[in-house]
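Some notes on the structure that comes next.
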Amino acid sequence: MRPSLFFSLSGALFCSTPPGVVPPPDPSDPLQAARPKLVVVITVDQLRESYLEKWHDQFSGGFRRLTDSGAFFTDAHQDHAITETAPGHASILSGRFPRSTGITRNLAGVNDSNARLIGVQRLAASPFRFRGTTLVDWMTSANAQTRALSISVKDRGAILPIGRSKREVYWFLDGKFTTSDYYTKALPDWIQAFNARHLPEQYAGKTWSLVLPESNYPEADSVPIENRGDQFLMPKILPRDSGLVARGLPWTPFMEEVLVAAALEGVNQLGLGTGPGSDVLAVSFSTTDYIGHTYGPDSRELHDQVLRLDRQIGVFLDSLFRLRGRENVIVALTADHGVTPFPELSQQRYTPPPLRVSIEPAISAARAVLLNAGADDQAADFESGALLIDPKGRGVTRAIATAAAEQFVVVARQIPGVLRAHRFGPLASRNLSEDAIARRWVQMFPPDVPVEAVVVLTPGSYWGNAAFATHGSPHNDDSHVPIIFFGAPFKAGKYTQFARTVDIAPTLADVLGVRATEPLDGRVLRAAIK
């Protein structure tokens, strides 16, 4: 989904698991006593797995610790087709693909006109579209005293990791952390007190400069395609207006400092990790996505952001270990998706060279079939590579929808930059173990989503003339993410076996001694468990 524009520096805005529930934990059980007290789930929005290997020797904080001392799955993927923020976050702790969670794209994610934001009269959000359960629900079924905090810059980054569970869920908007009335009628005292510290405003006039000497950054600094050709050089001076800085902080690395401070405050105030059972802390770091969209994955800005995030995650983990004891904490780290570089910067990287593609001729062809059959041509819609035809549209029958989709596919296959176009239904009959693209589409949509056809561009190609770097395809550039487990139950090492983000929740459930309360798509990654 298109990000908001970065503010300029002059001061203006720029396999199945059987269902079941284990009995409540017995405090006298030595196995239960050894269970982790705090489960920390870190999601980094738009973190490509390649970053952790490419810049490994420059890390000194959290990424270095987790990759060196954790169970690091290097061939891990968001194994669905529309690799966007909402479906990615929904799959991590549910153990289920979008076809099961119902979260298929950002525009049908957490936006909810019936929910009211606390203290803010816009951008309402809730998990009302989310289907099923998450790890938090399974843990609560086993132990009703389980507590959970999920916090992020983005609403979907905070909401979707724990699904419909009504816990402590907060996100950042206009310089403050908020939530919606789906969770509470008023912000708790500790969030109000944290907001009253006005930490974001304190970055007014601050300079974002490189954290390492310039010789450590091979990326060119003068790349006019970055940030729409505006303020694409380092260093960057933030506006002196405190209000502008507070609203625009997510487009700078300093947002991570505020998010870490808020998460740690929540751990203290809620007493996470001090109970007789296990608690959950889910933190989604969004700034890598904001900066990655604005400047692209090949930029000096993105490189510096990842280095700074490494240090912040190091501070975060060190603080948690001091508070709760390293032996009582386990960590899982992953990402919701990767990113594809700007096509103009990737002409030598892919064969054939990537293009910017308009699918409009195929959409028009499908609508013409509908119109000629006396049906509503606006019943056809296209988003994120999928053609949807509303079966309730005026005059739309099964036969007419099929004919429109078939014509869409015929025309789409003739458009330069299109790699594949298919009717959606027949994809399920393909060999999905060998055809990753077909598999990712099949794992994308619930049966009640009226998808008739799908289109895949050639690797590296973009939809339209977007001025920002993007993601959302079923290609590995967008699907390939890290999965790392860290803590006493896990065996450190690099694991090259294929893994999916839907495997994270069942693996954590296994070491926690809890069972899912519904069938899952993910499996336990037993190789990583001692």
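Restricted to the range 319-335, and to residues there that are of a type in the set (A, V, I, L, M) and assigned to a helix (DSSP H, G or I), the residue that is surrounded by the fewest Cβ atoms within 10 Å (Cβ to Cβ) is Leu323. Per the listing Arg423, Arg439, Arg413, the residue uniquely more than 28 Å from the chain's Cα centre (by Cα) and of a type in the set (D, E, K, R) is Arg413.
Taking the conditions (1) among the polar types (S, T, N, Q); (2) closer than 18 Å to Gln312 by Cβ; (3) outside any helix (DSSP H, G or I) in turn, Thr274 satisfies each one other than (2).
Among the residues of the range 281-318, those that are assigned to a helix (DSSP H, G or I) and of a type in the set (Phe, Trp, Tyr) comprise Tyr290, Tyr295, Phe316. A single entry from Leu66, Leu47 fulfils the requirement of being surrounded by 14 or more Cβ atoms within 10 Å (Cβ to Cβ), at pLDDT 90 or above, assigned by TED's automatic domain parsing to the domain that holds Ser91 and part of a helix (DSSP H, G or I): Leu66.
Where strands (runs of 3 or more DSSP E) fall entirely within the range 424-530, those with at least 3 residues that are of a type in the set (Val, Ile, Thr) are at 451-457, 480-486. Given the conditions (1) closer than 19 Å to Thr74 by Cβ; (2) in the same structural domain as Gly338 (by TED's automatic domain parsing); (3) buried (at least 24 other Cβ atoms within 10 Å of the Cβ), which single one is not true for Val502? Exception for Val502: condition (2). A single member of Asn465, Asn476 is of a type outside the set (Phe, Trp, Tyr), under 30 Å from Val409 (Cα atoms) and under 20 Å from the mean Cα position of the chain (by Cα), and it is Asn476. Determine which single condition Asp79 fails, assuming it passes every other condition in (1) part of a loop (DSSP other than H, G, I, E, B); (2) surrounded by fewer than 20 Cβ atoms within 10 Å (Cβ to Cβ). The single condition Asp79 does not satisfy is (2). Tallying residues that are more than 15 Å from Pro446 (Cβ to Cβ) and under 16 Å from the mean Cα position of the chain (by Cα) within the range 108-124 yields 2. Scan the range 268-287 for residues that are over 16 Å from Asn143 (Cβ atoms) and in contact with a Gly (Cβ under 6 Å, 6 or more places away or on another chain) and the total you get is 2.
For Gly325, are the conditions met, namely being at positive phi and either over 29 Å from the mean Cα position of the chain (by Cα) or not assigned by TED's automatic domain parsing to the domain that holds Gln414 (or both)? Considered against the rule, which asks whether it is at positive phi and either over 29 Å from the mean Cα position of the chain (by Cα) or not assigned by TED's automatic domain parsing to the domain that holds Gln414 (or both), Gly325 comes out as yes. Do we have any residue at all in the range 382-396 that's under 26 Å from the mean Cα position of the chain (by Cα) and assigned to a loop (DSSP other than H, G, I, E, B)? Yes, there is a match, as at least one residue in the range 382-396 is under 26 Å from the mean Cα position of the chain (by Cα) and assigned to a loop (DSSP other than H, G, I, E, B). Among the residues making up the range 354-379, those that are in contact with a Gly (Cβ under 8 Å, 6 or more places away or on another chain) and either surrounded by 17 or more Cβ atoms within 10 Å (Cβ to Cβ) or not in a helix (DSSP H, G or I) (or both) are Pro354, Leu355, Arg356, Val357, Ser358, Leu370, Ala373, Gly374, Ala375, Asp376, Ala379.
Taking each residue of the range 386-411 that is at positive phi and looking for partners that are outside any helix (DSSP H, G or I) and charged (D, E, K, R) with beta-carbon atoms closer than 8 Å, six or more apart or interchain, yields Gly395/Asp376.
Residues in the range 377-398 that are among the charged types (D, E, K, R) and over 30 Å from Arg356 (Cβ atoms): Lys392, Arg394, Arg398. Within the range 170-209, the set of residues being within 30 Å of Asp57 (Cα to Cα) and crowded, with 18+ Cβ neighbours inside 10 Å comprises Tyr203, Trp208.
Looking only at the range 307-316, residues that are buried (at least 20 other Cβ atoms within 10 Å of the Cβ), of a type in the set (A, V, I, L, M, F, W, C) and closer than 13 Å to Leu259 by Cα come to 3 in all. Could you check the range 243-261 and list, in sequence order, the residues that are among the hydrophobic types (A, V, I, L, M, F, W, C), in contact with a Phe, Trp or Tyr (Cβ under 7 Å, 6 or more places away or on another chain) and surrounded by fewer than 23 Cβ atoms within 10 Å (Cβ to Cβ)? Of everything in the range 243-261, those that are among the hydrophobic types (A, V, I, L, M, F, W, C), in contact with a Phe, Trp or Tyr (Cβ under 7 Å, 6 or more places away or on another chain) and surrounded by fewer than 23 Cβ atoms within 10 Å (Cβ to Cβ) turn out to be Leu244, Phe254, Val260.
Could you say whether any residue in the range 199-214 is among the basic types (Lys, Arg) and part of a loop (DSSP other than H, G, I, E, B)? Checked the range 199-214: at least one residue is among the basic types (Lys, Arg) and part of a loop (DSSP other than H, G, I, E, B). Report whether or not Glu265 is under 25 Å from Met139 (Cα atoms), charged (D, E, K, R), modelled with pLDDT of 95 or more and within 25 Å of the chain's Cα centre (by Cα). Answer is yes for this residue.
The values are calculated or read from the model by the stated rules, or taken from the named source; none is laboratory data. Since we're looking at a predicted model, the values are computed, not measured. Positions of Cβ are backbone-derived with ideal geometry, glycine not excepted, and every protein chain shown enters the neighbour counts.
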